[in-house]
Structure formats: C-alpha cells, structure tokens
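Take a look at the structure below.
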Amino acid sequence: MDLNFSADDEAFRQEVRAFLASALAPDLAERVRLGKRLSKAETEAWQAALSARGWLAPHWPKEYGGQEWSVTQRFIWDYETSLANAPPTIAFGLKMLAPVLIKFGTEEQKRYWLPRMLNGSDWWCQGYSEPGAGSDLAAIKTTAVRDGDEYVINGQKTWTSFGQHANMIFCLVRTANTGKRQEGISFILVDMNQPGVEVRPIITLDGAHEVNEVFFTDVRTPVGNLIGEENLGWTYAKFLLTYERTGMAMVGASVSALELLKEIARTETKGGRPLAEDPYFAARVARAEIELENLKTTTLRVVDAAAAGGAPGAESSMLKVKGTEVHQEILGLMRRALGPYALPFQPGVLAPGSNAEPVGPAYAPGVTPAYLNGRKLTIYGGSNEVQRNIITKAILRL
Ligand SMILES: Cc1cc2nc3c(=O)[nH]c(=O)nc-3n(C[C@H](O)[C@H](O)[C@H](O)COP(=O)(O)OP(=O)(O)OC[C@H]3O[C@@H](n4cnc5c(N)ncnc54)[C@H](O)[C@@H]3O)c2cc1C
C-alpha cells in the first residue's frame, strides 16, 4: 500500500487548485465557509461553471460527458473543493441516479437524461423513504399501477431533500404485493410538475427548509420511465445506495471545519486567555484532529485498494460511521467554543444573498445551525446503527 500520491496525481491536484482559484468567487467561498445558505440559482451557477470545464460529472464514462477520473483523482477533487469551500454539487442526479442509469438504463434513457443533468435542465430528488419505511426500506407502500402506456402512482414519500427545487424525482414504488417484499418494488422516474404531486416543507432544527414530504395522487408517468425491469427495483436501489455512501467520510469538509474551529478557539477567550490555550479544550480539539488524521489515512487505504481494483463494499459503511462522528464532534466543539454567541438564532444573516450584520463575530451565526443540521449525518444515507450491523456481518463476520 502506498499512501503517497503519484507525480501525475500531484499535477492533477495543482490543476484543480488553479481551476478553483480562477472559477470560485472568494465571496461565495467565504459564505460557504461561514455556513450561509445558498440560493438555488447560486448552486446552479456553480454547477454550470463545473459543466463548462467538463468537471460536473467527472466520474462518468467519457461517452456520456464524464472524465473517467480514477478514485484517487475523485478523492483529490472532493478534498480540494471542500478545503476551498466550494459549494457542494447536488448529488441526487449526478452521483446517485446517473450510475444507475449508466448500468441499468436503456441507451435511449441514458441519451435523454444524462445530458439534461449536465446542462442543468433537471434538478433531481430522491423518493426512497416513506413514513414507516426508512431503515426498513422494503416496507414502502407507494404504489404504481400499470394503465396502458403509463403507471399511475399513489402514496407518500418523506425527507425528500431539496424536493422544493426539483422538477424530477426517482422513486421506489410497489408494483407487486406477492412473494418477498423486496421482489415487488420498481424504480421509476416521475415528473414533479404535474397535477397530483404536492410538496410540503419540513423545517429542520436549524430553521432551514431542506427536506419535504411529497404526496402523489393519481400521478402519471410513462412506462418508458421505468428503469430496468418491473419488480427488480430493489437491485437498482441497493446499487444506488453504495454510491450514496461514497464520499460520506467527509474528510475535506471536516478538515475545513477544523480550521474554522481553530480560528474560533484562537479568537474566543476563557478567563482572559484564548480558548485554544485552555488545556481541556485544546485536548478535545487535538483528539478530534487525531481522529480526523486516522480517518484520512483509512480513507486513503480504501482509495488505494479501490484504485487497485478492489470494491469498497462494506468499508464505505466504516467510513460513513467514523466520518460523520468526527464531523459532528467538530461541529459540537465549535458550538461550545462560541459560548454565548452560540445562542442567538440569526436566520436573516444566513439567508441567501443577505448582507445583514451578525450579532457577534462573522463566524457566529452559522455555527449552531450547522451543529443542529449536522444531527442528520448519523441518520441519513443509512443510519449509523444500521451501518454497524453491516460492519458486524460483512467485515467482522459475526
Ligand atoms: C436531513 C435528512 C435528509 C434526508 N434526505 C432523504 C432523501 O432525499 N430521500 C430519501 O428517500 N430519504 C431521505 N432521508 C431519509 C433517511 O434515509 C432516513 O431517515 C433513514 O434511512 C432512517 O430512517 P427513519 O428516519 O425512518 O428511521 P428509522 O428507520 O425508523 O430508525 C429509527 C432508529 O432506529 C434505529 N434502527 C432502525 N433499524 C435498526 C436496525 N435494524 N438495527 C439497529 N438500529 C436500527 C435507527 O438507527 C434509528 O436510530 C433523509 C433523512 C434526513 C434526516
């Protein structure tokens, strides 16, 4: 195992840095760093800049507009963009649906949907979870009944991230009720801009509108929007989930957050001295940093194995558990470091495009919302308890 990057990979890193230096506006990066909210238009503009460079979907095959980057290049990209505080891209189409389409879709489906992801025509969201069907996903009840050349869909999805922005949703739907639950599920694409689709906001602890409930009442979608075969959707759904967990180690994001934590600890004081000099607090920051360094090494080991052709199956569960826990710890320390400035809720300062003056230092308003929002990390993408079950079975073989 060699954890050093090759000369080619280092050259690639410099190319990425040069691109970020020219394409990423400093004020946008600063707003991302401070946890301010971005508008849909800002996210789309950043995605358009990446698309113009050919780097919006670099993991895709070249024939569909990708770059076929190696796993090492993808790691470097994720790391460098997080460190530079670039806006995140929306993963649902580019990183989740696209691999499913590329592996299981018809040529017609690929030629139609993939270019629309690259040119920003579609904003995708994920319709997997339902009330009563989260960890136990096979319990979904939303039905799709064939009617001529269409399916008619009825039911409810929940926790649908960014569903308020989306015009398209990929859904798991029940198409049969016989046999094993997993054998009656299909994977289908649905246009959200039609009567019978209702999106209702769920406001999260941090006051943000990020997730939604989506209701379907006699909603229609052409049979051509079925991916693969009817009732085999479970296979495609599981394939997608391995992609959803990829990148959940959040190494770059945690390195960036740790930098902010250290800045806060250098600035805020306790007993007249910088908090960074308080032995108890400094020890906690050091422990988080050591955990993060360990996580980075483990991630590089998995990347090295994957670069050599190994599949990062259950290891992605391990990275998800550790990565989300380390990130939550850093967010928690930031909130503690702020002291009384952690208390005021300042949504006006965080709103897209706002120049409102914060109460306290510029870094204050984003910290508690980020801490509260970060509670989701150990729940979504498969809860950490469920990931531990996977590790127990697949790695420890217990
Ligand atoms: C912010 C956010 C965004 C999300 N975005 C989306 C999205 O865009 N699209 C989408 O489809 N879904 C989304 N989800 C849903 C997410 O996938 C589910 O919340 C997750 O799968 C957990 O399901 P649940 O909420 O129903 O909890 P439950 O499954 O009811 O779990 C409740 C608790 O029981 C534990 N538990 C459950 N089963 C087991 C078990 N077998 N062993 C041990 N412990 C267990 C869990 O770990 C958890 O602590 C999102 C969730 C959040 C919080």
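Quick notes on this structure:
- For Cys125, the residues 5 or more places off, or on other chains, whose built amide H falls under 5 Å of its own are Met168, Ile169, Phe170.
- Surface accessible to a 1.4 Å probe, Arg53 within the full protein complex, Å²: 90
- Here the 3J(HN,Hα) profile of the range 197-202, calculated from phi with Karplus coefficients 6.51, -1.76 and 1.60 at θ = phi - 60°, is 9, 10, 10, 10, x, 10 Hz, Gly and Pro shown as x.
- Length added when fully stretched, Leu83-Gln194, from 0.36 nm per residue minus Cα-Cα: 36.0 nm
- Derived scalar couplings between HN and Hα for the range 327-334 equal 5, 4, 4, 5, 4, x, 5, 4 Hz in order, rounded to whole Hz, by the Karplus curve 6.51 cos²θ - 1.76 cosθ + 1.60 (θ = phi - 60°), x for Gly and Pro.
- Cα-derived Rg to Rh of the chain, Kirkwood definition: 0.97
- Per residue, the solvent-accessible area of the chain (1.4 Å probe, heavy atoms of protein chains only, all protein chains present) comes to 47 Å².
- The simple Förster model, with R0 at 22 Å and r as the Cβ-Cβ distance, assigns Phe239 and Ala138 a FRET efficiency of 0.90.
- Computed E for Ile203/Ala29 - FRET, C-beta separation, R0 30 angstrom, nearest 0.05: 0.65
- Radius 10 Å from Cβ of Leu137, net charge of other residues (Lys, Arg +1; Asp, Glu -1): 0
- On a per residue basis, the convex hull of the C-alpha atoms belonging to the range 277-398 measures out at 147 Å³.
- Tail beyond 28 Å, pair distance distribution of the range 152-293 (Cα, percent): 45
- Probe 1.4 Å, all protein chains present, accessible-area order of Leu114, Leu38, largest first: Leu38, Leu114
- Compared with the alpha-carbon gap, the fully stretched path from Ile379 to Ala18 is longer by 126.4 nm at 0.36 nm per residue.
- The value of relative contact order for the range 130-268, using C-alpha pairs under 8 Å at least six residues apart, is 24 percent.
- With R₀ set to 56 Å, the beta-carbon distance separating Tyr280 from Arg397 gives a calculated FRET efficiency near 0.90.
- Scanning residues 5 or more positions from Thr269 or on other chains, those with amide H under 5 Å from its amide H are Leu275, with H placed 1.01 Å from N in the peptide plane.
- 11 Å cut-off, amide nitrogen to a point 7 angstrom out along Ala308 Cα→Cβ, residues in the range 1-42: 1-3
- Shown in residue order for the range 39-44 are the 3J(HN,Hα) couplings computed by the Karplus curve 6.51 cos²θ - 1.76 cosθ + 1.60 at θ = phi - 60°: 7, 4, 4, 5, 5, 5 Hz (x for Gly and Pro).
- Here each label is just a point 7 Å from Cα along the line to Cβ, and for Arg111 and Asn231 those points are 3.1 nm apart.
- Here the relative contact order of the chain, from alpha carbon pairs under 8 Å that lie six or more residues apart, stands at 16 percent.
- Whole-angstrom gap from the range 77-95 to the range 1-50, using each part's C-alpha centre: 7
- The chain, accessible surface, carbon-and-sulfur percent (1.4 angstrom probe): 54
- Under the convention that each Lys and Arg Cβ holds +1 and each Asp and Glu Cβ holds -1, the size of the dipole of the chain around its Cα centre is about 780 debye.
The values are calculated or read from the model by the stated rules, or taken from the named source; none is laboratory data. Bear in mind that the values here come from a model prediction, so they are computed numbers and not experimental data. No Cβ is skipped: glycine too gets one built from the backbone with ideal geometry, and neighbour counts run over all protein chains shown. When the accessible area is computed, the model is the full protein with side chains, heavy atoms only, and any ligands, DNA or RNA have been set aside. Shrake-Rupley method; radii C 1.70, N 1.55, O 1.52, S 1.80 Å.
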